[in-house]
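Notes for the one structure printed next.
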Amino acid sequence: MEALAVALEASPLGVWARGSNLAYPVANLIHLLGLVMLIGGIGVLDLRLAGAFRRLPVEALWRYLLPMGVAGLVLLVPAGLVLFAADASSLVVSTVFRWKVALIVLALANAGAYHLLWRKRLGRWDVDPPLGGRIMAAGSLSLWLLVAGLGRWIAYA
Amino acid sequence: MTLHKSLASAIALAVLIPGAALAHHGWSSYDAEKTLTVTGPLIDVAWRNPHGEAKIKHAGKTWDVILAPVARMEARGLTEAMITNGKPVKLEGYPRKDGVAEMRIERVTVDGKTVELR
């Protein structure tokens, strides 16, 4: 994996990410926009699924906020790849970065499991939210916030 | 592993692994009460984002020199051609609070021109 990171850092993408005046700062902005959309979408949906804002209908929120969160991820991943390419060999050995990636995998697995376990129950969520689903939603929000926090922490650790 | 431990090991890793250029950013890790002024030739200049880097010899050690983002340096009038390897410069900046030989640069004087990097 470390050899792969060294190769990515030396690749044209890595050279461009470091060398261009705009590549890094613009990738940073897009990464931040994606984060805002992810937490703004999934985070608010998670709060509702966990039990907050009970006047808001769960199915409608799911329909509109989930795509926003997914769009956020679609921005986050390629922008993150550019930021990663600039410093890949140092990042790949950074404990904070490794935790961040591990928690991203966990958060995505949690989201996948959520669909499998609870998607069919959404219609009845407003009257009868299952405890397991509420806990997983709270876990989802916590995980994404931790991921965001660790991402910011990389530069200071 | 707790977050606290993982952060501590991240710091340890960054210090131990040569070339791990991540253990900085932000002004809070640097001691602004202790201005360092170092004059000498620059070594290993990297004109890059998220910030330029170089090394310089000072007080028997080789210091890591943390510059600014490329676009900011150019906007302030410092170009890649002005700080090539071996170029004598005057650096004013702050050392890290934890004693690591690394300084964050407040201003650079090169070719008789002073450029503010903050």
Total formal charge among the other residues, if their Cβ is under 12 angstrom from that of A:Ala52, Lys/Arg +1 and Asp/Glu -1: +3
Per residue, what volume in Å³ does the convex hull of the Cα atoms of chain A enclose? 110 Å³
Measure off, as a whole percent, the carbon and sulfur share of the 1.4 Å-probe accessible area of region B:23-118, all protein chains present. 50 percent
Using a 1.4 angstrom probe on heavy atoms only, work out the carbon and sulfur share of the accessible area of region A:55-157 in %. 72 percent
Residues losing 40 Å² or more accessible surface upon assembly, region A:133-157, compared with the chain by itself, 1.4 Å: A:Ala155, A:Tyr156, A:Ala157
Size of the dipole of region A:44-103 about the Cα centre, Lys and Arg at +1 and Asp and Glu at -1 on the beta carbon, nothing else charged, in debye to 20? 240 debye
Could you size up the charge dipole of the protein assembly as shown around its Cα centre, putting +1 on the beta carbon of Lys and Arg and -1 on that of Asp and Glu, and report it in debye to the nearest 20? 660 debye
Could you tell me which helices of chain A pass both thresholds, a Cα extent of 15 Å or more along their own axis and a mean Kyte-Doolittle hydropathy of at least 1.0, with helices taken as whole DSSP H runs? A:23-38, A:58-86, A:95-118, A:131-153
For the pair A and B, how large is the buried accessible area, both sides, in square angstrom to the nearest 100, if the probe is 1.4 Å? 1800 Å²
To the nearest Å², the heavy-atom accessible area per residue of the protein assembly as shown with 1.4 Å probe amounts to 51 Å²
Evaluated at 10 °C and 1.306 mPa s, the Stokes-Einstein D of the protein assembly as shown based on the Kirkwood radius over Cα pairs, in µm²/s, stands at 76 µm²/s
Spatially proximal lysines relative to B:Lys113 (Cα-Cα < 24 Å; intrachain offsets below 8 disregarded): B:Lys34, B:Lys55, B:Lys57, B:Lys87, B:Lys90
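The values are calculated or read from the model by the stated rules, or taken from the named source; none is laboratory data. Owing to the predicted nature of the structure, the values given are computational and were not obtained by experimental measurement. A quick note on method: Cβ atoms are made from the backbone with ideal geometry, for glycine too, and the neighbour counts reach across all protein chains shown. For accessibility, only protein heavy atoms count, side chains too; no ligands or nucleic acids. Shrake-Rupley method; radii C 1.70, N 1.55, O 1.52, S 1.80 Å.
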